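Note sheet for the following structure.
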Amino acid sequence: ATLLDEAAQLRKRVNHIKAIVATQQSYAGVGRITEFADVADLVDDALRISAESLARQDVEVVRACETIPPMLLDRARIVLVLVNLITNARAAMESVPPGSRRLTVGLTATAGALSLSVGDTGEGIDEENLDRIFGHGFTTRPDGHGFGLHSCALAASEMGGTLRVHSDGRGHGAVFTLELPIPDAQQGGAIR
C-alpha cells in the first residue's frame, strides 16, 4: 500500500513536470510574433512555469486579473517578461520569513493601455538603485548577472511599452509594471 501510494505521488509530480515543460516548450523558439491571446491565460502560464519554485519557497500567490477580451499580442515575450519578474520577486523574498512571502500578479486595462504587474513582499530596492535597475550588467545579487531585467526592459520597449519599478525602499518589497499599448483597432472591444 505504501509503495502504491508513493508511485501515485510520483506519477502526479511527473505529470506536473510534463505540464510545465509543455508550457515552456510552447513559448520556446517563438519570438516577435503577434497573435490573439487571452492575457489572463498568459499570466496563468507564467505562474504555472514558476509554480514549483514558488511552492518550494512557501510563497503565497495572489492573482488579481481583470477580465479582458483576447488581444493581438506578442505572447511569448510577455510570458518571458512575467516569468523573469516572478523569478526575481521570489529571489527577493528569500530573506523574508515564511508566512510573510506574498507574490501579487495583476492585470488591468485602461483606455489605450494594458498593465501587468508583479509585486512582492521582499527585501525592496534602495532608492539609489531604482534608476539603475534596468541597466545592462546591474545586479545586487551575488549570483546575478544583470541581464534579466535589462532584457525585460528591452522587450517592453520593442513591444512599444515600458517596464517600470516602484519600491518604498529596503524591507518594503517592490512592484514591477509592464505597460503595453492597446492597438487602436482593439480599443473599442477591449475595454469594458
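Only the coordinates and a few stated rules stand behind these numbers; no lab work does. The structure displayed is predicted, hence computed values, not measured ones. Please note: Cβ atoms are built from the backbone with ideal geometry, for glycine as well, and neighbour counts cover all protein chains shown.
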| task | Please work out the C-alpha center-to-center distance from segment 154-184 to segment 29-102 and express it in whole Å. | result | 14
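Could you grab the Rg to Rh ratio for segment 22-147? Cα atoms only, Kirkwood for Rh.
0.97
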| task | Within segment 74-142, report the GluC sites (Glu not before Pro) that DSSP leaves as loop and that have at most 12 other Cβ atoms within 10 Å. | result | GLU94
| query | To the nearest 20 debye, what charge dipole does segment 39-126 have about its Cα centre, counting +1 at the Cβ of each Lys and Arg and -1 at the Cβ of each Asp and Glu? | reply | 120
| Residue by residue through segment 51-59, which ³J(HN,Hα) values in whole Hz follow from phi under the Karplus form 6.51 cos²θ - 1.76 cosθ + 1.60 (θ = phi - 60°), with glycine and proline marked x? | 4, 4, 5, 5, 5, 4, 9, 6, 9
| field | In sequence order, calculated HN-Hα J values of segment 79-96 (Karplus, 6.51, -1.76, 1.60; Hz; x Gly/Pro) | value | 5, 4, 5, 4, 4, 5, 5, 5, 4, 5, 5, 4, 5, 5, 9, 4, 8, 7
